[in-house]
Amino acid sequence: MNVALLFYRIILRPLRQEPLRTTLTVIAVALGIASVLAIELAGEAAAGSFRSSMETLLGDASLEVTATGGVPAEIVTQIATLPYALKVHPRIEDYASIEGTRKTVPLIGVDLLAESSGMTADAAGQSGGGNLNAEDSIWIGNTFGRKVGDKLKLLINDTSTEFTVRGVLNGNLGDLILMDLAPANDALRRDGRVDRILIETQGGLTADQGEAILRKSLPESMTVQREGTQTDENRRMLEAFRWNLRILSYVALTVGAFLIYNTISVSVVRRRVEIGILRALGVTRSGILAAFLGEAAAFGVLGASVGVLLGRLMASGAVTLVAATVESLYVSSRPGTVALTWQNVSLAFAIGIAVSLISAFSPAWEASKVAPVEAMARGRREHKTRIHTRRSLIFAALLAAAGWFASQQKPVGAKPVFGYLAAVLLIAASALAIPALVSGLSSASSNILKVLFGAEALLASRSLAASLRRTSVLVGALSTALSMLVAVGIMVGSFRETVIVWMDDRLQADLYLRPAVPPGADRHPTMGADVVGLLERLTEVEAVDQFRGYEISYQGAPATLGAGVARIAGRYGNRPLLSGASPQTVFPQLEGHDVVIVSEPFANKHNVRAGDVLTLPLGQKRVAFRVLDVYYDYSNERGFIIMDRSTMLKYLPDPAPSNVAVYLKKGVSLDAGRKSVDAALAGREILVAPNVTLRREAIRIFDRTFAITYTLEAVAIFVAIMGVGGALVALVIDRRREYGLLRFLGAGASQLRRLILFEAGLLGILANIAGMLLGFFLSLLLIYVINKQSFGWTIQFHWPATMLLSGLALVYAATLVAAIYPARIATQLVPMEVIHED
């Protein structure tokens, strides 16, 4: 028989006759593909925008020179006077906020007179530059909607200043502000230092030769590297975050794969007689296999077609959530454009078809092996499933043991590859153990259900056990989605509780101050150096601690170098240390010595322990620091190196603080202390936040960070619930003769409805039990393996009981709701018609 005709008669025609089941399966696959595609597009948009506006003005620069705390002006002169063809482009780079909005944009200081020949703009003044180097002059990108001569008020560090727009840059530069070096130096308090020097090699000089010349000519504290190295470091840092999101997005696709498996299995069971007849008429096994794999491929193609469109829509919302997380924990980044490319579309179709074919292969292979003599043996596969439950349990135990072994392995390339493998092995072990769980609980509970709820509950329990293979797939799909709800819920809840306890220990001051510009994980705007002195003179103030942060690169990864007043931090703080030592004994040892403490993420990322030595480029030297201890930290994943303020000032003599903590005297109320501080800092753009406000804001940022995680979970669970509804519809259609017989024997419509609702309820209970067990073990993997290896955080285990119970109850209720329509179909069957169908 022609394969195309076979495919139409045995596959397409039945699918057309059951549009609801077909539609639900396609939507399930589409949602899985949409989740994967949305996360990929959102991740590309968020991760692709680091320093994007700054990089548009690089010209032909191939090298850059940087230094912790900035590059001294004499280094610029030194490079410019070297007897080589090197063109020097000094840059000052920071961020400014447009007053009246929360919009933060890159602010770049360049030598406008030297660089203007390479830029096009609508500008005021003559070609010589006019007033461009005046204190109040700026150039802006053409996306601001402003014109030459307009006034623009900018908040830079803790100062608000009005500037005049002298030029509007042409080209697609985005939101960007340019200033001449001299006014940028004053506005950003650089004290004659630039943030980096871009080097353009000319006259046949290669980048390698230029790099060698610079390394030989400059002090060893200067960092010479290829331009874009910092951006590459940021992207590498983000890979673990993006990988975790990718893995989570594949959960919905995995659930969809379960449903494809179930759909093809149902097709095989329902068409077993037709398959036997076709085999008797000479259709080959490969023809039957191709027909059912074609059905799976059709679901994959249709699901991918819908999933591409849906994924593009979901990406627009996902990019906001992903970018917010990136901004809070990693690096300043403005979301780029969500671009759907042919590569993304091809990937979506490849994933959709591949997952569909893989998940359908087993039932399709079963169909190809059907012999004509077995065609009427409808219960044969169910019987084989029941007698093989013990063997499946043994395989499940072996897979679980392999998962435990994988979880003990070290990361590969800074990614918890074996942690992911352990999770897959646990999910597979759970799927193999589910038939035994269903069979055992159904047998144990059937009599109890009869006593409590009547004959309908008894029949529901026994029918689930009788159709063990199909029931196991449904429970597996829903329990996989629920296990991720439980696992991620426990992980996030544990992380949240750990952060709250950590803040209780860490945030001991009464008031915290920072510049009013929006913060970022890699931005450390400063306040005036006189702020601390003003605060210390207040009669309400007991002590003032100050912190200064610098972004550095250590062993090819970004990190934060910071300094505080160790004496005050040791007296008032309670920063928990991994060694268990008291901060009151450790912090005083920082004073006046080249020693540091490092955060746990930094220690884990760079394999640093107490007693190790770090060599850091500071000022004109490379200085060796001994690591005194490691402290718990959950503020960002980049990692901190902390020293005493006096030590930092010895090498980087810039007294301006990034953050200030104020301890009030006993008996001084918070309101009185805050009013006194506000009065002392009148006229400065500084945010003063009480301890409780800072805690509340930290938790808000934490919850926003995990919003994308909960969204992906919701999609996976929605797919699973839809699958339960679709499978129940298929179950009703497949068992219509059985239901017709029940009606013929006197069963009422309400009894039939109760029977199906009980089946759905039992499916939900079984899935909840399996999901809770699997989710618990997956949560241990997430907390102690995947997160530890990805981010370096030690998370204390906590049970978020309220969240878990409410989530599971909601899913259980949704499962019951999904059974209403199948129950309605069953009650509308005409007994005489369905009994005579066969």
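Here is what passes the span test in the chain: the DSSP H helices with alpha carbon length of 27 Å or more along the helix axis and a Kyte-Doolittle mean of 0.0 or above are 19-47, 229-270, 285-329, 342-368, 417-453, 468-506, 707-734, 749-781. Charges on Cβ only, +1 for Lys and Arg, -1 for Asp and Glu, centred on the Cα centroid of the stretch 206-325; of ALA296, SER217, SER316, which one is farthest towards the dipole's positive end? Looking along the dipole axis, the top candidate is ALA296. Could you work out the longest stretch of the chain that avoids the GluC sites (Glu not before Pro) located in DSSP loops with at most 16 other Cβ atoms within 10 Å? Answer - 221-590. Using θ = phi - 60° in the Karplus curve 6.51 cos²θ - 1.76 cosθ + 1.60, the 3J(HN,Hα) couplings for the stretch 654-660 round to 10, x, 5, x, 8, 9, 9 Hz; x is entered for Gly and Pro.
Of all lysines in the structure, those lying under 25 Å Cα to Cα from LYS650, and not within fewer than 8 positions of it along the same chain, are LYS621.
With the radius of gyration and the Kirkwood radius both derived from the Cα set of the stretch 672-824, what is their ratio Rg to Rh?
1.26
Determine which lysines satisfy two conditions relative to LYS788: a Cα distance under 24 Å, and not lying fewer than 8 residues away in the same chain. Candidates past the 8-residue exclusion: LYS410, LYS415, LYS605.
Per-residue Karplus couplings for the stretch 193-202, computed as 6.51 cos²θ - 1.76 cosθ + 1.60 with θ equal to phi - 60°, are listed in order as 9, 10, 7, 7, 10, 7, 10, 10, 7, 9 Hz, Gly and Pro entered as x.
How many percent of all Cα-Cα pairs in the stretch 592-680 sit more than 22 Å apart?
46
A crude spin-label estimate for the pair ASP186 and PHE405, with each label 7 Å from Cα along the Cβ direction, gives 7.1 nm. Seen from ALA559, the other residues with C-beta closer than 9 Å to its C-beta sum to a net charge of +1, counting Lys and Arg as +1 and Asp and Glu as -1. Packing around the peptides 297-304, 748-755, 312-319, taken as the average count of other Cβ atoms within 10 Å per residue, puts them in this order, highest first: 297-304, 312-319, 748-755.
Considering only DSSP beta bridges with both partners in the stretch 561-705, what is the antiparallel share in %, to the nearest 5?
Values: 9 of 18 bridges.
Roughly 50 percent of the beta bridges in the stretch 561-705 run antiparallel, per DSSP.
In summary, the lysines within cross-link reach of LYS147, defined as a Cα separation below 22 angstrom excluding same-chain residues under 8 places away, comprise LYS103.
In the stretch 712-801, taking the dipole from charged Cβ atoms about the Cα centre, the farthest positive-side position among LEU742, VAL729, HIS798 is held by LEU742. Checking every one of the trypsin sites (Lys or Arg not before Pro) in the stretch 589-674 against DSSP loop status and a limit of 10 other Cβ atoms within 10 Å picks out LYS666. For the stretch 508-558, trypsin sites (Lys or Arg not before Pro) are listed when DSSP marks them as loop and at most 14 other Cβ atoms sit within 10 Å of their Cβ; the list is ARG537. Of all DSSP-defined beta bridges confined to the chain, some 80% are antiparallel rather than parallel. Per residue, the accessible area of the chain comes to 42 Å² when a 1.4 Å probe rolls over the protein heavy atoms. Dipole of the chain computed with +1 at Lys/Arg Cβ and -1 at Asp/Glu Cβ about the Cα centre; of ALA661, LEU757, ASN636, farthest Cα towards the positive end is LEU757.
Normalised by the number of residues in the chain, the mean separation of alpha-carbon contacts (under 8 Å, six or more apart) gives a relative contact order of 18 percent. About its Cα centre, the dipole of the chain is roughly 3980 debye, where the only charges are +1 on Lys and Arg Cβ and -1 on Asp and Glu Cβ.
The values are calculated or read from the model by the stated rules, or taken from the named source; none is laboratory data. What you see is a predicted model; the values in this text were computed from it and never measured. In this analysis, Cβ positions are derived from the backbone assuming ideal geometry, glycine residues included, and neighbour counts consider all displayed protein chains. In case anyone asks, the SASA skips ligands and DNA or RNA and just uses the protein heavy atoms, side chains included. Shrake-Rupley method; radii C 1.70, N 1.55, O 1.52, S 1.80 Å.
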